[in-house]
2 protein chains.
Amino acid sequence: MEVILGVSNRHVHLTEEDYKTLFGDEPLGVVKELVQPGQFSSDKQVAIKTEKRTMEKVRVLGPLRSYTQVEVSKTDSFALGINPPIRNSGDLEGSAVVTIVGPLGEVTKPCAIIANRHLHISPEQRVANGLVGVDKVKVKINSEKATIFEDVWIKESPDYTLELHIDTDDGNGSLAKTGDMVEIIRY
Amino acid sequence: MEVILGVSNRHVHLTEEDYKTLFGDEPLGVVKELVQPGQFSSDKQVAIKTEKRTMEKVRVLGPLRSYTQVEVSKTDSFALGINPPIRNSGDLEGSAVVTIVGPLGEVTKPCAIIANRHLHISPEQRVANGLVGVDKVKVKINSEKATIFEDVWIKESPDYTLELHIDTDDGNGSLAKTGDMVEIIRY
């Protein structure tokens, strides 16, 4: 079974409340539709600020969500001087405190995580690919630095379509890039 | 079989000629002995310059060698705007052109590579661990982002001792760090 790969650079999800603090009443515009239906790269960027450093031009993804979350790589976390936990999206237990800086204001809260590798899938695709009752899979990257990623979480929703998400550390280490077809291996 | 891990940050090896261009007659001092016998982190740093960017404070490793080589990660290569090949150390075929900047001069030449994952081993250790006649192994990283690295080259020399070298992309992606014990898996 092969699926398309998306390598996620550091990015931010915002609640409506935090969005208003950062950008006021300006609408959140679409720059590019993402593979997951309804999700988009927006026309808004923020800075991520810690005591150690400020990272400029971090993209806000849309639409707005019920939680504010900053997704970084381990490499980013060293640069920022924070120690975010490895989490599935939306699970902010123990997340690292950062300040999100927009043109109109700032938000400081525990919201930074390193996202688990995960496979987006619809219920129908899960059935069709024999992955019902399976929580995790492995993924094989065939490249000059061939790599097997274990503990890849399956995330099912009627709103999802088949796509594997990894971060830039995993992508760059294995020489994999957005749009590559990668191999799913069952446990 | 378990071996100790060394995660290599970007670094530079220099010939005596290039060293003199950059630093003149100043001696190359030892800051810290590395795991490989005779190798050391030196008291000298250079900048790596490309058309796109300059990376400051890149460590020179000693002793001096018969070739000048800049080892970067894929992440570094994006920042620098270069496309270095994946190579074993000392194989500079197709390497990317960068400028190495020292306090007294600069050297511009094709010398930048992304190093293959590799296992240092002595002839005796190779025999003792049943790895004679084997070119490559796999390595398992047990972490919250468990990973198997394939195509890990075995580098044998009487001057080496057992140690696995990976770069910061592989280290950060798999949450592995210098000093970890990691598992060698045979093909």
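With the contact rule set at Cα under 8 Å and sequence spacing of 6 or more, what percent relative contact order holds for chain B? Let's see the in-between values first.
Numbers: 438 pairs, mean separation 53.2, N = 187.
28 percent.
Treating the protein assembly as shown as a set of equal point scatterers at the Cα positions, no solvent, please give the Debye-formula log₁₀ I(q)/I(0) at q = 0.10, 0.15 Å⁻¹.
For the protein assembly as shown at q = 0.10, 0.15 Å⁻¹, log10 I(q)/I(0) is -0.72, -1.35.
Tell me, what is the FRET efficiency for A:L34 and B:E124 to the nearest 0.05, using R0 = 56 angstrom and their Cβ-Cβ distance as r? All intermediate terms of the calculation are to be shown ahead of the outcome.
On the way: r = 54 Å, r/R0 = 0.96.
In this case the efficiency is close to 0.55.
How shielded is A:139-149 by partner chains, expressed as the average number of their Cβ atoms within 10 Å of its Cβ atoms?
Numbers: counts 0, 2, 1, 1, 3, 6, 13, 7, 10, 7, 6.
If you average over the peptide's residues, the count of other-chain Cβ atoms is 5.
Ordered by packing density, taken as the mean number of other Cβ atoms within 10 Å over each peptide's residues, highest first, how do A:32-39, A:90-97, B:95-102 rank?
Numbers: A:32-39: 13.2, A:90-97: 14.9, B:95-102: 20.0.
Descending packing order for the listed peptides: B:95-102, A:90-97, A:32-39.
Rank B:A79, B:I114, B:G94 by how far each Cα sits towards the positive end of the charge dipole of the range B:1-128 (+1 on Lys, Arg Cβ; -1 on Asp, Glu Cβ) and give me just the farthest.
Result: B:A79, furthest along the dipole toward the positive end.
If I take R0 = 35 Å and measure r between the Cβ atoms of A:W153 and B:Y67 in this structure, what FRET efficiency does the formula 1/(1 + (r/R0)^6) give, to the nearest 0.05?
On the way: r = 44 Å, r/R0 = 1.25.
For R0 = 35 Å, the calculated efficiency reads 0.20.
Over the range B:81-187, what relative contact order in percent results from Cα pairs under 8 Å that are six or more residues apart?
On the way: 180 pairs, mean separation 27.7, N = 107.
For the range B:81-187, the relative contact order is 26 percent.
Based on the alpha carbon coordinates of the range B:59-179, what radius of gyration and maximum Cα-Cα distance (Dmax) apply, in Å?
So, for the range B:59-179, Rg and Dmax equal 15.9, 49 Å respectively.
Shielding by partners for A:160-169, please: the mean number of other protein chain Cβ atoms within 10 Å of each residue's Cβ. Present the calculation step by step, with values, prior to reporting the outcome.
Numbers: counts 0, 0, 0, 0, 0, 0, 2, 3, 6, 12.
That average works out to 2.
Which residues in the range B:52-74 place their backbone N less than 19 Å from a point set 7 Å from the Cα of A:N9 along the Cα-to-Cβ direction?
Zone members listed by number: B:52-55, B:73-74.
For Cα pairs less than 8 Å apart in space and 6+ apart in sequence, what is the mean separation divided by the residue count of the range A:25-103, i.e. the relative contact order in percent?
On the way: 110 pairs, mean separation 22.4, N = 79.
Reported as a whole number, the value is 28 percent.
Work out the mean other chain Cβ neighbour count within 10 Å for the residues of A:71-79 and drop it here as an integer. Working shown, then result.
Details: counts 0, 0, 4, 10, 7, 1, 1, 2, 0.
Averaged over the peptide's residues, the number is 3.
Report the antiparallel proportion of the DSSP beta bridges in the range A:58-187 as a percent, rounded to a multiple of 5.
Details: 17 of 25 bridges.
Percent antiparallel among DSSP bridges in the range A:58-187 is about 70.
Rank by packing, highest mean first: peptides B:134-141, B:23-30, B:46-53, with packing defined as the count of other Cβ atoms within 10 Å averaged across residues. Intermediate results must be reported in sequence, preceding the final value.
Numbers: B:134-141: 17.9, B:23-30: 12.5, B:46-53: 16.4.
Put in order of decreasing packing, that is B:134-141, B:46-53, B:23-30.
A short reminder: the numbers here are calculations on the coordinates, not readings from a lab. Keep in mind that what you see is a predicted model, and the values were worked out from it rather than measured. Methodologically, a virtual Cβ is constructed for each residue, glycine included, from the backbone with ideal geometry; neighbour enumeration extends over all protein chains shown.
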